[in-house]
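What follows is one structure encoded as structure tokens, with my remarks underneath.
The values are calculated or read from the model by the stated rules, or taken from the named source; none is laboratory data. Because the structure is a prediction, the values reported are computed rather than measured. Methodologically, a virtual Cβ is constructed for each residue, glycine included, from the backbone with ideal geometry; neighbour enumeration extends over all protein chains shown. These area figures cover heavy atoms from the full protein model, side chains too; ligands, DNA and RNA do not enter into them. Shrake-Rupley method; radii C 1.70, N 1.55, O 1.52, S 1.80 Å.
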Amino acid sequence: MTLPNFAFFKGRIVPYSEAKVGVLTHTFNYGTGVFGGVRGYWNTEEEQLFLFRPYDHYQRFLESAKLMLMELPHTDADLVQFTLDLCRAEDFRTDCYIRPISYFADEIIGVRLHGLHADVAMMAIPFGSYVENEEGSHVTFSSWRRVDDNMIPARGKISGAYVNSAFIKTDAQRSGFDEAIVLNQDGHIAEGSAENFFIVRKGVVCTPPITDNILEGITRRTVIMLLRDDLGVEVVERPLDRTEVYLAEEAFFCGTGVQIAAITAVDHRPIGSGILGPITKELRRLYFDAVRGRFAKYRDFCVPVYPGKSR
Ligand SMILES: Cc1ncc(COP(=O)(O)O)c(C=O)c1O
């Protein structure tokens with residue numbers, strides 16, 4: 001991966017090489033940070049870069065920070081502005097990914113959340129696909145369980161919880177799968193290692209509820225809206241059993257990184273007919289139009305980076 005040219009660090013844009021923290025930094029040692037992941041989509045016709053739902057991403061970022069008792073002086077609008085400044089500095093003319101992180105900057109020994117000082121940093125890189133098989137992934141059920149709300153809250157994007165995601169992803173890939181679906185402590189489906197999960201069963205789209213230890217995904221919200229309002233499909237949020245997946249007509253992951261990735265086999269069992277299904281296919285088409293600012297109805301989700309180019 002090519003390193004970024006710049007970073008937002010200690011309140012301003014600096015060369016990336018100057019954005020450094022000491023090895024004693026609290027979050028580096030204890031995983032006490034919170035982070036986000038925002039995509040920027042290049043629209044060729046308009047020569048414009050659009051950030052997709054950045055306000056929603058930063059509202060969740062601030063909520064994750066609140067869970068971690070971080071006192072940040074920034075609003076969601078401030079954070080969007082820093083992101084725009086950073087993307088302009090990088091002068092992207094391609095799809096990109098922005099990684100904001102809020103971390104306890106104190107260089108001390110001592111596990112706790114209180115009495116610490118949080119700081120925000122951001123980096124941005126050019127970015128294409130996150131998974132290779134977006135139209136036909138083969139996944140497995142992980143032998144790991146999703147972190148529970150009473151362990152590390154999965155609803156927030158908390159750095160330390162990604163050790164759980166890393167175990168899930170590595171064991172799946174080392175066993176030859178693209179990804180894994182992880183169950184929660186009750187044995188119901190939670191999500192993927194870093195993406196929310198949906199199935200289509202008897203024509204109804206089903207996805208685990210927020211209370212089943214999933215991240216409160218922004219793409220999940222977009223997908224539910226597109227399915228209900230634009231495809232006219234029924235969507236139900238309810239606990240999902242493992243074996244319902246084996247019987248599903250379609251299944252897919254969604255997330256900022258993965259976008260919408262069709263799952264066509266689970267544990268060597270074909271899902272439906274084993275190829276990209278019609279609902280997932282149509283959903284992917286609508287989603288990619290929406291994120292690039294080509295879906296007039298959802299244009300307000302897309303925040304232009306370069307002034308004077310669009311609108
Ligand atoms: C654990 C987990 N679930 C779901 C998602 C999808 O969330 P979003 O759509 O907000 O990117 C992510 C995204 O990074 C994630 O890390």
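Here are some notes:
- Computed Kirkwood radius, in angstrom, where 1/r is averaged over Cα pairs of the stretch 1-111: 15.1 Å
- Note on the chain: with neighbouring protein chains present and a 1.4 Å probe, carbon and sulfur make up 52 percent of its accessible heavy-atom surface.
- Accessible-area value, PHE8, 1.4 Å probe, nucleic acids and ligands omitted, Å²: 10 Å²
- Residues of the stretch 20-171: accessible area per residue with a 1.4 Å probe, Å²: 45 Å²
- Kirkwood Rh and Cα Rg combined as Rg/Rh, the chain: 0.97
- Convex hull volume per residue, computed on the Cα atoms of the stretch 104-205, equals 174 Å³.
- Comparing THR75, SER129, VAL111 along the charge dipole axis of the stretch 49-156, the residue lying farthest to the positive side is VAL111, per the Cβ-charge model.
- Size of electric dipole in the chain: Cβ of Lys, Arg +1 and of Asp, Glu -1, about Cα centre, debye, nearest 20: 220 debye
- Here, the stretch 220-311 yields an orientationally averaged convex hull projection of 7.0 nm² when only Cα atoms define the hull.
- The Cα atoms of the stretch 151-276 define a convex hull whose projected area, averaged across directions, is 7.4 nm².
- Mean residue ellipticity (222 nm) of the chain, computed from DSSP H runs ≥ 4 via -39,500 (n - 2.57), nearest 500: -7000 deg cm²/dmol
- Only lysines eight or more places from LYS10 in sequence, or on another chain, were considered; those with a Cα closer than 26 Å are LYS20, LYS66, LYS157.
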